[in-house]
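Read-outs throughout are calculated quantities, based only on the coordinates presented, and are distinct from any laboratory measurement. Bear in mind that the values here come from a model prediction, so they are computed numbers and not experimental data. Note: ideal-geometry Cβ built from the backbone for every residue, glycine included; neighbour counts use all protein chains shown.
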Amino acid sequence: MSAPAPSDLAFVPFVSVENMMKLVHRIGIEDMLRGLASAIEEDFRRWELFDKTPRIASHSRDGVIELMPTSDGQVYGFKYVNGHPGNMKEGLQTVTAFGLLATVDTGYPVLLSEMTVLTALRTAATSAMVARHLAPRDARTMAIIGNGAQSEFQALAMKAICGITHLRLFDIDPRATEKTMRNLDGLGLSLSACSTPEEAIESADIITTCTADKQYANILTDNMVGAGVHINAIGGDCPGKTELHRDILSRSTVFIEYPPQTRIEGEIQQMPADFPVTELWQVITGTAPGRTSDSQITLFDGVGFAIEDFSALRFVRDHLQSTGLFQNLDMVADPDDPRDLFGMLQRARI
């Protein structure tokens, strides 16, 4: 007897890297960044509905491998992601990722997707969504310290969502800055390559730090940061890894995603356990203030949280069916008789 054909529920849409890139260009990268930012903000507005768990991390001397789960009660999602700063020396990505959505009522998966490209997009969309709430209203110049794989995404998100027009770039490796300048050429931004971080942040309204080295570092020191700026600290955070001198934190109003995670992984790991912070969902829903004066230093201590990945996967799911940019994977064993999994296996013998 031949094996039964897979049921419709056995097939799960899979978005490959190739199809994710096609989807980005089908939508348009700036439109996709705007769409992701809107989806993330929508989910921040219903923050209290979500299960919230700090990411589950497996650390090694080489890096970290993490699982990031959440659910809104109807849909469950998780992301697998790694952070291995030394990979770049081997010609490998520092971060790779994939993610999944499933229905809560049955537990059946409904989407499997690459998330290396999507994480870069959602990280940038989150940064720009936050800056829209916290940065000076007339912000037009941004400095990016660390010109690796995230820099172009950050630049285009800030352009599309916050109206940034001028970018000042610095990296300890001039080749990284050259790469970023080359990739952003002709995309509507005025670009300046800088030889020091001090030069890069001169006259900047927004300062973005996105470095990857797994160490305590002072990418920015206190004397470098003037009044009225918004700092976007979004480098590869983990225990033992920082980018800002603690005195900057003391002078700033600090905004974070989820305290139990950020106090372990973020810039505020340097500070006492009772160091005051404001959760972003409170600003977005109007239950807490954001920027309150022109001279205030606002600081987004962004470490990335599972709800943002959930939002990104939800956005992809909602834009996928009409494009055909997916493959159906026969992923779920779904026998006609749910009690007869063994019988289904036996019928598959050749």
- Note on the structure: Taking Cα atoms, the helix 17-27 axis meets the longest principal axis of the chain at an angle in degrees (rounded to 10) of 70 degrees
- For Arg140, other-chain or 5+-apart residues with amide H closer than 5 Å (H placed, Pro excluded) are Asp205
- Task: Run the quick spin-label model on Thr165 and Thr285: label points 7 Å from Cα toward the beta carbon, then report their separation in nm to one decimal.
- Result: 3.8 nm
- Task: Quick one: angle between helix 151-162 and the longest Cα principal axis of the chain, in degrees between 0 and 90, rounded to 10, please.
- Result: 80 degrees
- Query: So, by mean Cβ neighbours within 10 angstrom, what's the order for 123-130, 263-270, 331-338, 205-212 with the highest one leading?
  - Reply: 123-130, 205-212, 263-270, 331-338
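Tally Lys/Arg at +1 and Asp/Glu at -1 over every other residue whose Cβ is under 11 Å from the Cβ of Ser203; what's the total?
Values: positive: Arg140, Arg168; negative: Glu199, Glu202, Asp205.
Value of the local net charge: -1.
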- Query: Quick one: if the Förster radius is 51 Å, what FRET efficiency do Thr221 and Asp105 give, using the C-beta to C-beta distance and rounding to 0.05?
  - Reply: 0.45
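Full extension from Ser60 to Asp173: what is 0.36 nm times the residue separation minus their Cα-Cα distance, to one decimal in nm?
On the way: separation 113, 0.36 × 113 = 40.68 nm, distance 2.57 nm.
Taking 0.36 nm per residue and subtracting the Cα distance, the gain is 38.1 nm.
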- Item | Under-5 Å amide H pairs with Leu191, H placed in peptide plane, nonlocal only | Leu167
- Note on the structure: Pseudo-spin-label distance Glu202 to Gln327, built 7 Å along Cα→Cβ, given in nm, is 5.2 nm
- If you take the beta carbon distance between Gln270 and Asp51 as r and set R0 to 30 Å, what does 1/(1 + (r/R0)^6) give as a FRET efficiency, to the nearest 0.05? 0.55
- Query: How far is helix 116-134 tilted off the main Cα axis of the chain, in degrees rounded to 10, range 0 to 90?
  - Reply: 40 degrees
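Per 0.36 nm of contour for each residue apart, how much would the distance between Asp185 and Gln346 grow if the chain were fully extended, relative to their Cα-Cα spacing?
52.0 nm
So if we plug the beta-carbon distance of Arg140 and Leu67 into 1/(1 + (r/R0)^6) with R0 = 41 Å, what FRET efficiency do we get, rounded to 0.05?
Working: r = 39 Å, r/R0 = 0.95.
Result of the calculation: an efficiency of 0.55.
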- Query: Taking only C-alpha pairs under 8 Å that are 6+ residues apart, what is the relative contact order of segment 1-160 in percent?
  - Reply: 22 percent
- Message: From the phi angles alone, apply the Karplus equation (6.51, -1.76, 1.60; θ = phi - 60°) to segment 193-207 and give each ³J(HN,Hα) in whole Hz, x where the residue is Gly or Pro.
- Response: 8, 10, 8, 9, x, 4, 5, 5, 8, 4, 6, 7, 8, 10, 10
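Over all directions, average the projected area of the Cα convex hull of segment 134-304 and note it in nm².
Details: hull surface 36.5 nm².
The number I arrive at for segment 134-304 is 9.1 nm².
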- Task: Return the lysines within reach of Lys241: Cα separation strictly under 26 angstrom, same-chain partners fewer than 8 residues apart disregarded; answer none if there are no such residues.
- Result: Lys52, Lys79, Lys89, Lys179, Lys214
- Debye log10 I(q)/I(0) for segment 204-287, one point scatterer per Cα, at q = 0.14, 0.19, 0.21 Å⁻¹: -0.46, -0.86, -1.05
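Which shape class applies to segment 1-109: rounded if a/c is under 1.5, otherwise prolate when a/b exceeds b/c and oblate if not, where a ≥ b ≥ c are the square roots of the Cα gyration tensor eigenvalues? Spell out each step's value before the answer.
Details: a/c = 1.32, a/b = 1.20, b/c = 1.10.
Taking the square roots of the gyration eigenvalues as a ≥ b ≥ c, segment 1-109 is rounded.
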- Item | For segment 271-283, 3J(HN,Hα) per residue [Karplus equation, 6.51 cos²θ - 1.76 cosθ + 1.60, θ = phi - 60°, Hz, x = Gly/Pro] | 9, x, 4, 9, 4, x, 9, 10, 7, 4, 4, 5, 5
- Message: Using helices alone, I'd like the mean residue ellipticity at 222 nm for the chain: each DSSP H run of four-plus residues gives -39500 (n - 2.57), total over residue count, nearest 500.
- Response: -10000 deg cm²/dmol
- Task: Go through Val254, Met142, Ser16 and say which Cα lies farthest out towards the positive end of the charge dipole of the chain; charges sit on Cβ, +1 for Lys and Arg, -1 for Asp and Glu.
- Result: Ser16
